[in-house]
1. For the chain, what relative contact order do you get, as a whole percent, if you take Cα pairs closer than 8 Å and at least 6 residues apart?
2. Can you tell me the length gained on complete extension of the stretch Val272 to Thr110, counting 0.36 nm per residue apart and subtracting the Cα distance?
3. Apply the Kirkwood formula to the chain: the hydrodynamic radius equals the inverse of the mean of 1/r over all pairs of different alpha-carbon atoms; give it in Å with one decimal.
4. Under a point-charge model restricted to the Cβ atoms of Lys and Arg (+1) and Asp and Glu (-1), what is the dipole moment magnitude of the chain relative to its Cα centre, in debye to the nearest 20?
5. Report, by chain and number, residues whose modeled amide H sits under 5 Å from the one on Ile142, excluding near sequence neighbours (fewer than 5 apart, same chain).
6. Specify the residue with the greatest mean-square fluctuation among Ile175, Ile247, Ile35, computed from a Gaussian network of the chain linking alpha-carbon atoms under 10 Å apart.
7. Take the chain, connect every pair of alpha-carbon atoms lying under 10 Å apart with a spring to form a Gaussian network, then pick out the residue of Ala122, Ala40, Ala204 with the largest mean-square fluctuation.
8. Take Leu235 and Ala72, extend 7 Å from each Cα along the Cα→Cβ direction, and tell me the distance between the two endpoints in nm.
Amino acid sequence: MSSEFKVELSAYLDRVNEASARVRQTLYVLVTASIVIFAAVWDTQSTGWPYQRAVISQAEYKYFGWDTKKEAELSSNKAQKAQLDLFRRSKQYANLSGHWDQKFDTQTITEMRMHVKALADAASKSYADLTIIKVPVFGVAIDVNDFGTLGGFVFVATLTILSLSLFRQHSNLKIAFSTAIGAQQLGTCYKLLSMSQVLTIPPAWGHQHDWRAKLSFLPRLLYLLPLGVQLFVFLNDRNSFNSGSVISPEHAAANRLWSTVSLIIIALITVVNMFLVVAYDREWARHANNPPMQGASTPK
């Protein structure tokens with residue numbers, strides 16, 4: 001093989017590696033955005049730690065002293081079952097935290113009550129702060145309820161870029177393998193390219209059955225992450241729609257509409273991306289199963 005052709009083949013290998021790098025970088029952006037959006041929405045759930053900590057802290061201050069008459073009053077009213085449960089849990093929480101003891105004197109009770117109030121106010125403020133996400137450098141504050149809209153825009157735009165990158169990656173790989181076959185250097189080309197793969201697990205060269213290739217489904221799960229997060233945000237918006245409508249009917253309706261539309265678009269793009277990923281993996285498998293070409297120079 002001439003030195004000129006070696007240079008040409010090397011250029012093809014570089015283009016494949018560059019395309020794979022673009023796919024990885026875009027996917028890293030998507031994974032980071034997915035984690036941030038999921039964490040922001042998850043922490044504001046009514047079942048999340050921040051909200052429940054604020055609730056139990058406020059109940060601790062409200063029922064501090066835990067008067068037995070108040071407990072009897074709550075016990076006698078079935079409609080107050082939730083408040084009775086909160087009454088008892090707040091007392092247990094106070095005992096475990098060292099905020100309450102039957103042996104406290106009057107002065108200690110007064111001081112501890114003030115301490116508990118400060119903790120309750122801090123827990124409520126901490127939860128309230130979570131509902132507003134401040135973006136550094138740009139000086140922008142985003143309400144967590146807008147993540148269905150803004151997150152949808154981010155996912156649709158970035159997933160589109162990922163689709164184009166995946167298409168180019170697959171196309172470049174086919175061209176590189178075709179060129180390598182013409183130069184009788186398929187083995188060398190295959191092994192060199194497989195060394196730079198991160199999100200793909202190519203089968204070992206010349207093996208019909210390679211157990212490592214069966215693990216190829218693991219990286220594919222990353223491509224489903226944005227869809228899963230957007231579905232989570234969509235369900236959260238749907239469940240909180242009534243309370244959001246009380247605050248801003250127009251805003252709540254707009255968020256719900258775009259959350260639905262973006263979820264559909266993201267699902268369609270994700271399907272396309274999965275087809276491209278599977279096609280890319282099959283391209284590796286198809287050439288890995290070929291025996292080395294005659295005259296091929298393959299590294300040992």
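1. 26 percent
2. Computed gain between Val272 and Thr110 is 51.9 nm.
3. 24.1 Å
4. 620 debye
5. Amide H to amide H, under 5 Å and 5 or more residues apart or across chains, Ile142 pairs with Ile133, Lys134, Val135.
6. Highest fluctuation of the listed residues: Ile247.
7. Top of the fluctuation ranking is Ala122.
8. 4.5 nm
Throughout, read-outs are computed from the coordinates displayed, never taken from laboratory work. Here the structure is a predicted model, which is why all the values come from computation and not from measurement. Glycine also receives a Cβ, built like all others from the backbone with ideal geometry; neighbour counts cover every protein chain displayed.
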